[in-house]
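Accompanying notes for the structure given below.
The values are calculated or read from the model by the stated rules, or taken from the named source; none is laboratory data. If you're wondering where the values come from, they're calculated on a predicted model, not measured in any experiment. Every residue, glycine as well, gets a Cβ built from its backbone with ideal geometry; the counts of neighbours run over all protein chains shown.
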């Protein structure tokens with residue numbers, strides 16, 4: 001752009017620029033319009049007004065140039081320029097590399113389903129605790145989901161506090177949803193036997209027998225490799241899990257553990273060893289019986305075998321995770337030490353055992 005007859009105003013073919021100093025920073029703002037004589041004269045008057053306001057200490061950058069990136073930089077109310085949607089993007093970009101795949105999927109599901117549709121277009125300045133409380137009061141989702149959304153929003157606003165964009169976290173003033181923990185409903189011995197009998201003999205029955213007698217999470221069973229099995233010491237090492245077909249780290253630090261095998265679980269691994277086509281240490285133990293390749297995800301054995309077996313056995317449907325509850329209740333009924341059971345299942349301490357399985361503790 002070339003200088004015009006007005007100092008601080010520069011013109012090109014299809015735009016012109018206003019040039020001034022503010023807080024020791026040279027600011028250039030481009031106006032996308034044909035620079036005719038009238039517009040250049042208006043720009044000069046605007047520049048005079050800007051300089052006057054700067055001298056008087058009343059200049060508001062955003063008032064003159066609301067779409068400029070400098071409006072955020074020089075604003076005394078930066079929260080008015082950051083939408084919740086933008087804050088979500090920044091939060092994911094900064095933190096997601098430290099999350100397990102299952103955590104990322106869970107967070108993104110809540111953001112896409114609840115946060116963006118209800119709050120995404122609001123700025124951080126516009127967001128008030130009452131907005132969240134109103135949503136929590138009218139939504140039909142479970143208290144657990146409400147609290148998960150609250151936790152995500154709290155993390156997002158916490159970063160805005162750290163960056164000094166807002167003074168305090170508005171979610172701190174939002175009440176957590178009260179929730180009554182649903183007591184697990186494990187299978188009894190008769191139901192367990194009926195389910196296993198209804199499963200086809202071979203890989204499918206072995207997979208769920210192992211589930212009943214180890215209490216492993218489904219992804220942990222899918223990720224088990226031969227190198228993780230110690231037949232001599234009768235134990236396995238939980239070092240990886242399978243989430244959506246991908247290998248990932250176990251859910252928590254305490255989930256990385258040594259699990260001592262029940263005799264039934266040990267016998268299952270010995271049986272699988274006798275027919276498994278590939279005993280290489282890196283090979284996964286549990287295979288899809290149709291392809292004799294590792295299961296791609298936990299949905300396949302559930303839909304192909306589990307649901308049908310419960311129908312055949314005439315057992316009330318519960319998801320495969322109930323095998324984990326069944327293992328815990330079985331071990332407690334056998335008077336095993338709750339602290340030992342907690343380690344077997346990958347809990348940090350026996351507090352979870354006490355809270356969830358209290359009625360099976362003698």
Candidates 348, 314, filtered to the one that is surrounded by fewer than 21 Cβ atoms within 10 Å (Cβ to Cβ) and either touching a helix residue (DSSP H, G or I) at 6+ places or on another chain (Cβ under 7 Å) or at pLDDT below 95 (or both): 348
Tally, over the range 180-205, of residues that are free of Cβ contacts under 8 Å to residues at least 40 places away in the same chain and part of a loop (DSSP other than H, G, I, E, B): 4
Residue 107 more than 22 Å from residue 161 (Cβ to Cβ), crowded, with 17+ Cβ neighbours inside 10 Å and out of contact with any strand residue (DSSP E or B) (no Cβ under 9 Å at 6 or more places or on another chain): no
Scan of the range 1-37 for residues that are within 45 Å of the chain's Cα centre (by Cα), exposed (fewer than 10 other Cβ atoms within 10 Å of the Cβ) and not in a loop (DSSP other than H, G, I, E, B), ordered by number: 26
Count of the range 41-90 residues which are surrounded by fewer than 17 Cβ atoms within 10 Å (Cβ to Cβ) and in a loop (DSSP other than H, G, I, E, B): 9
In the range 269-284, the residues that are in contact (Cβ under 8 Å) with a residue 60 or more places away in the chain and within 16 Å of residue 223 (Cα to Cα): 272, 284
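Matching residues to (1) over 26 Å from residue 89 (Cα atoms); (2) in a loop (DSSP other than H, G, I, E, B); (3) in contact with a helix residue (DSSP H, G or I) (Cβ under 8 Å, 6 or more places away or on another chain); (4) outside the structural domain of residue 266 (by TED's automatic domain parsing):
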residue: 127; (1), (2), (3), (4): no, yes, yes, yes
residue: 132; (1), (2), (3), (4): no, no, yes, yes
residue: 165; (1), (2), (3), (4): no, yes, yes, yes
residue: 208; (1), (2), (3), (4): yes, no, yes, no
Among (1) exposed (fewer than 13 other Cβ atoms within 10 Å of the Cβ); (2) farther than 24 Å from residue 79 by Cα; (3) under 20 Å from the mean Cα position of the chain (by Cα); (4) free of Cβ contacts under 8 Å to residues at least 12 places away in the same chain, the one test that residue 93 misses: (2)
Whichever residue in the range 210-221 is in a loop (DSSP other than H, G, I, E, B) and touching a helix residue (DSSP H, G or I) at 6+ places or on another chain (Cβ under 6 Å) and, among such residues, is nearest to residue 323 (Cα to Cα): 215
